[in-house]
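Taking it in order: structure first as structure tokens, then the write-up.
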Amino acid sequence: MSISREEIATTARLARIRLRDDEIDDVTSRIASILDMVDQMQAIDTSAVEPMSNSLDAAQVLRSDKVDEPGDKIAAREALMAGAPAQQDGLFLVPKVIE
Amino acid sequence: MNKAKAMSNNQALHQLSLCALREGLDSKQFSSRELTEYFLSRIDQHDGEYNSFITVTPEPALAAADAADRRIASGEQNALLGIPMAQKDIFCTQGVRTSCGSKMLDNFLPPYDATVVAQMQQAGAVTLGKTNMDEFAMGSSNETSFYGKVKNPWDTNTVPGGSSGGSAAAVAARLVPAATGTDTGGSIRQPAALCGITGLKPTYGRVSRYGMIAFASSLDQGGPMTRSAEDAALMLNAMAGHDPRDSTSAALSCPDFCDGLEQDIRDLRIGVPKEYFDDRLDSEMAGAVREALTELEKLGATLVDVELPNSALSVPAYYVIAPAEASSNLSRFDGVRYGYRCEDPQDLEDMYTRTRSEGFGDEVKRRILVGAYALSAGYYDAYYRKAQQVRRLIKDDFDRAFEKVDVIAGPTCPSPAFRFGEKQSDPVAMYLEDIYTIAVNLAGLPGMSVPAGMINNMPVGLQLIGKHFDEATILRVAHQYQRATDWHTRSPVE
Amino acid sequence: MQWETVIGLEVHVQLATKSKIFSGSSTAFGAPPNTQANAVDLALPGTLPVANEQAFHSAILFGLAVNAEIERRSVFERKNYFYPDLPKGYQTTQLAAPIVGEGSIEINTGTDNQTSRHIRIHHAHLEEDAGKSLHEDFHGMSGIDLNRAGTPLIEIVSEPDMRNAEEAVAYLKKIHAIVTYLGISDGDMSQGSLRCDANVSVRPMGSDTLGTRTETKNLNSFRFIEKAINVEVARQIDLIEDGGEVVQETRLYDSDKNETRSMRSKEEANDYRYFPCPDLLPVVIEQKTIESLRQKMPELPDQKRARFETQYELSGYDASLLCESRELADYFEQVAENCGDAKLAANWVMGELSAYLNKENLFISQSQVSAAALGQLISRIDDQTISGKIAKKVFESMCESGDEPDKIIAQQGLKQVSDSGAIEAMVQEVIDNSEAQVLQYLAAEPDKRKKLLGYFVGQVMKVSKGQANPGEVNRILAEKLK
């Protein structure tokens, strides 16, 4: 399965990655070579194989419904938001969200 | 400092194992503060050559050392108490920059400690700083770090391996007695092999992932990088255990990993997969590994041929699964709540796109694109689902092999350390660096690399793979091998 | 051409768990921004989710209530997209293996609520809510509050089984009743605890292929959903009849303008790249968990309605109105038990009480009039202490003061006069003052007399300020005027 320049461009938009015009061909060819390697998998028949998403053959252990909160919520917020690129009145600021 | 050096039984402090350091601390030959000052000064003097640290933290380290000295004085017994360590810069450390080797997190000061960090600090380990790594742990050569490449202490023209290359180089160059690493496809074992140290990737679920910045969540696992198997066991004792904040951490009690190390290996059957000795393996490398296997046989273990027929498919499956998970895991780096945000965004889309395009390096962007593509509509079945099916076949191979043997042994990587730039232009060549390690992550098994020879004065790694949650047996094999050989004591520095 | 409307609803219900679905943060409403968003909710690097057991139990209760299959093994998946209120860059949700499988509910529509329809539920799954973008102007920027991020939701997806807005509203009301009966949600639509997206299409009557549908979002009240569906249906029919085509898209209902409009920001082809969340292993539900939850199931709206019809001999219509909310039904039952007259209790709860609550815009839990007090009032009608007319006056006082009816009756001297001596005196007074009417009455044919008697009764009631026992008045008048 080879990948086209357009598919790379579409995928990049989905992933919010900007590729410059002068790098898109290079990126396309590198990714194409990765996908060629990956395509070795297609040689084997896996139709009867159940996909495995985790090696731990276990069920999830659930948490009981308990609130776990800091005593000083405003101080905790300050600590958590200390690295925010832009904030005001306890809110993260971003360029205007248009719905 | 000279005092400390003089008091160490004529051997330089930086050449001592964790056990020897423990003895020295307990018998008051030196204090944790003296040790800490000693290693900080080594980092200061020598790391310019290797670039193995991103951040060094002398003040908190000395404060921790003083606290450890008080605990030692009060009679507390703990294997790691007062011993200097380094953390891979993928583990969150409260108030100390945690960059993950990326410009994206160059300004990130976590408000919390990773579980592993907290556990080691509780045990009294002294963190000297944060080690360099491939950006977001994506790389096998440490050439993708935003903070520059790490150099292999055995030959600074060669790579230290990756992604835990900073930890491997720092331990090999004796800048720190031990360090943590993480391993998604070989990122502990391959740099350990290339730098001539001992590295252990525990069973998936053995060590908490909470606070360890995710690359591929179903594969990532933290582990020790040390100079010997015995040291690795000591460190694993502090790192392992169930964490209620990580629902993939196994709710199993941990044995004392030091127990049983001294037991011989005559009862063990060691599987040798023929697929690990294919034509991709450097011939000198093959010779060195076979010699190590012979040594194991001499120690009484029985070598058994085993087959892992689908192992050739592990790299293809991995390079779908890991990028797919990564593409999603790295979506949180969006410039909204922490980390890098581009200058003067024009609008929301511009903020997202420029933040991510400027904040991530090329290899990370490439993997995000591969992963997003593999998950996209129309390709999911052919790539992602297929890779998950192959993953099961690979695990089944191991399950079958482990019906016959207790441990599987082979090379850690196909060749010794390569030169900078050698594989950078060809991502696939770089990916094949991990052909012998990746399957272990896909199957979630414990694996380790131990020094097992030298080729042209560059280290060779022997890989030992265990059954699920049976780190103890591979540690025993490694320790018995290290009792019989001295490869692990070879040092690139005086 | 005759058109048929086809509607399917996706209902999001916020679960009333104490903590979030994947973190220990509180889900309480109204805290200062970002004070209920911890490291996990902010998606700080390295943080991991741990799922809340109660969220599963709530979802299972819902599944049992709609006779659905409970999936023994369910899987969380990631739905990937970028939005500032979505901290991880993906929403953790369920797709291929949701916790609740196919089920169904019955709805009742029509003037008498007696037309029953069977609506199939495709599935219901657990997922996390997003945060909120505040669009007030922060120097031309938006503010992001993540307090709501990670609040557990169940999304209930119906089959396209509804044929008009009225059915859609009835369906939504039934979902509302079920989740509040179960106590798994507060159902407070004004706070967004229950939200709805409507998939609407039209097709020529008799056709069995589905038309192109639109998804209308932002439907947060029963009234809006009805209006939004009606305007969207009208829009689609106009469009097709003018030779146009319906475009499959997401639309937003604007309640101010009563119109739906295309959400162009969501137009961009999105590909959510769902895949199983590698941080969360499959959740396996034991049969014994399901059984123990089944034991804890409270009486559901349909069961309660059936019981009210038999136990209290209420009409189907009355019973269904009373069962619309668990609080109302519980209130009614307490009133009925207190006074022992279910029919009168039903009339009062649906009549005077509902009118009062509507007028004052109160929930039943906020009523000044307790069920015990209303029961006492009805008892006073039954034991003839007061008349029905006086009772309404007493009720008004109860609403204002919150006092018990006996106290009000005593204080205001409203007790009905049944003492025949007193009534006889009043009757005599009226007769004495109504010479002309008495003559007219005596001259009238016996069959006309009944009508004329009404005049005297009215006069006596006036003299008694409404407190004379009407039966006694009639009897004594008839005797005196012989």
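Looking at chain A, the accessible area is 53 square angstrom per residue; that uses a 1.4 Å probe and ignores ligands, DNA and RNA. A dipole drawn for chain C from +1 and -1 charges on Cβ atoms has a positive end, and of C:438, C:101, C:243 the residue lying farthest that way is C:438. The convex hull defined by the C-alpha atoms of segment C:386-479 has an orientation-averaged projected area of 6.5 nm². The alpha carbons of the protein assembly as shown give a radius of gyration and a Dmax of 37.9, 141 Å, in that order.
About its Cα centre, how strong a charge dipole does segment B:2-239 have in debye, to the nearest 20, once Lys and Arg get +1 and Asp and Glu get -1 at the Cβ?
On the way: 20 positive and 22 negative charges, 41 e Å.
Around 200 debye, computed over segment B:2-239.
Express the C-alpha Rg of segment C:1-144 as a ratio against the empirical globular expectation 2.2 N^0.38 Å, rounded to two decimals.
Working: Rg = 18.9 Å, N = 144, 2.2 N^0.38 = 14.5 Å.
For segment C:1-144, the normalised Cα radius of gyration is 1.30.
Taking the charge dipole of the protein assembly as shown about its Cα centre, with +1 at Lys and Arg Cβ atoms and -1 at Asp and Glu Cβ atoms, the residue from B:141, B:100, A:61 reaching farthest to the positive side is A:61. Each principal axis of the Cα atoms in segment C:3-291 has its own extent, and those three values, largest first, are 55, 55, 33 angstrom.
Taking only the Cα atoms of segment B:75-131, how large is their convex hull per residue, in Å³?
Numbers: hull volume 4.0 nm³, N = 57.
Looking at segment B:75-131, the number lands at 70 Å³ per residue.
Quantify how strongly other chains surround peptide B:364-370 by giving the mean number of their Cβ atoms within 10 Å of each of its Cβ atoms.
Values: counts 1, 7, 5, 2, 6, 14, 7.
Neighbouring Cβ atoms belonging to other protein chains average 6 per residue here.
Surface calculation, 1.4 Å probe, protein heavy atoms: residue B:254 sits at approximately 50 Å² accessible.
May I ask you to find the residues of segment B:243-260 that are shielded by at least 40 Å² of accessible area once the whole protein assembly is considered instead of their isolated chain (probe 1.4 Å)? Listed in order, they are B:247, B:248.
When peptides C:180-187, B:145-152 are ranked by their average number of other Cβ atoms within 10 Å per residue, the highest-first order is B:145-152, C:180-187.
Each 5 Å bin, from zero up to the one with the longest distance, holds this percent of the alpha carbon pairs of segment B:250-291: 5, 15, 14, 13, 13, 16, 14, 9, 1. For chain B, with all protein chains in place and a probe radius of 1.4 Å, 46% of the accessible heavy-atom surface sits on carbon or sulfur. Peptide A:67-78 shows a mean partner chain C-beta count of 5 within 10 Å per residue C-beta. Going by accessible surface with a 1.4 Å probe and the largest first, A:23, B:433 read A:23, B:433. The local environment of residue B:157, defined by Cβ-Cβ distances under 15 Å, has a net charge of 0 under the rule Lys, Arg +1 and Asp, Glu -1. Under the shape rule built on the C-alpha gyration tensor, where the axes satisfy a ≥ b ≥ c, segment C:245-304 is oblate, since a/c reaches at least 1.5 while a/b does not exceed b/c.
The distance linking segment C:174-192 with segment B:453-487 is 61 Å (Cα centroid to Cα centroid, whole angstrom). Each Lys and Arg Cβ is given +1 and each Asp and Glu Cβ -1; about its Cα centre, the protein assembly as shown then shows a dipole of about 1140 debye.
Taking every DSSP beta bridge that has both ends in segment B:2-239, the antiparallel portion is near 70%.
Rolling a 1.4 Å probe over the protein chains gives residue C:415 an accessible area of about 130 Å².
In the frame of its principal axes, segment B:1-145 has Cα extents of 45, 31, 24 Å, reported largest first.
Partner aspartates and glutamates whose Cα lies under 16 Å from the Cα of residue C:217, excluding those fewer than 8 positions away in the same chain, are identified as A:99, C:10, C:129, C:155, C:197, C:226, C:232, C:249, C:254, C:256, C:259, C:267.
With Cα atoms defining each centre, segment B:256-297 and segment C:441-482 are spaced 116 Å apart in the structure. The packing ranking, built from the mean of other Cβ atoms within 10 Å per residue, places the peptides C:323-332, B:331-340, C:240-249, B:435-444 in the order B:435-444, B:331-340, C:323-332, C:240-249, highest first.
Determine the total buried accessible area between chain B and chain C, counting protein heavy atoms only with a 1.4 Å probe; round to the nearest 100 Å². Before the final figure, lay out the partial values.
Values: alone 18080 and 24410 Å², together 39750 Å².
Summed over both sides, the interface buries about 2700 Å².
Per-residue ellipticity at 222 nm from helix content only, as computed over the protein assembly as shown with -39500 (n - 2.57) for each DSSP H run of at least four residues, stands at -12000 deg cm²/dmol. Just to be sure I follow the rule: in segment B:2-146, considering lysines 8 or more places apart or on different chains, how many pairs have Cα atoms under 18 Å apart? Lysine pairs satisfying the spacing and distance rule in segment B:2-146 number 5. When Rg and the Kirkwood radius Rh are both evaluated on Cα atoms of segment C:299-412, their ratio Rg/Rh stands at 0.97. Under conditions of 25 °C and 0.890 mPa s, segment B:288-422 yields 131 µm² s⁻¹ as its translational diffusion coefficient, taking Rh as the Kirkwood radius over Cα pairs in the Stokes-Einstein equation.
Taking the Cα centre of segment C:401-482 as origin and assigning +1 to Lys and Arg Cβ atoms and -1 to Asp and Glu Cβ atoms, the resulting dipole is close to 280 debye.
Note on chain C: Cα convex hull, mean projected area over all directions, 32.6 nm².
Using heavy atoms of the protein chains and a probe of 1.4 Å, the accessible area assigned to residue C:352 is about 60 Å².
Considering all C-alpha pairs of segment C:24-77, those separated by over 13 Å amount to 71%. Each of C:408, C:456, C:131 was placed along the dipole of chain C (beta-carbon charges, centred on the mean Cα), and the one lying farthest toward the positive end is C:456. Can you tell me how segment B:383-494 classifies by the Cα gyration tensor, rounded, prolate or oblate, using a/c under 1.5 as the rounded cut? Cα axes put segment B:383-494 in the oblate bin. Shielding by partners for peptide B:346-359, expressed as the average number of C-beta atoms from other protein chains within 10 Å of each residue's C-beta, is 5.
From the P(r) of segment C:344-389, can you give the percent of Cα pairs sitting at distances over 15 Å? Don't jump to the answer; show the numbers that get you there.
Working: 458 of 1035 pairs.
Counting every Cα pair in segment C:344-389, those more than 15 Å apart make up 44 percent.
Remark: for residue pairs C:174/C:392; B:365/C:18; A:66/C:132, the C-alpha separation exceeds 29 Å in C:174/C:392; B:365/C:18. If you average the alpha carbon positions of segment C:291-327 and of segment A:46-82, how far apart do those two centres end up, in angstrom? After rounding, the separation between the Cα centres reads 38 Å.
Over all distinct alpha-carbon pairs, what is the Kirkwood Rh of chain B in angstrom? Numbers along the way, then the final one.
On the way: mean 1/r = 0.0449 Å⁻¹.
So the Kirkwood estimate lands at 22.3 Å.
At the nearest 100 Å², what buried accessible area, both sides summed, do you get for A and C when the probe is 1.4 Å?
On the way: alone 9700 and 24410 Å², together 30320 Å².
Protein heavy atoms only, the A-C interface buries about 3800 Å².
The values are calculated or read from the model by the stated rules, or taken from the named source; none is laboratory data. Given the structure is predicted, the values throughout are model-derived calculations rather than measurements. Please note: Cβ atoms are built from the backbone with ideal geometry, for glycine as well, and neighbour counts cover all protein chains shown. Just so you know, the surface numbers come from the protein's heavy atoms only, side chains and all, with ligands and any DNA or RNA stripped out. Shrake-Rupley method; radii C 1.70, N 1.55, O 1.52, S 1.80 Å.
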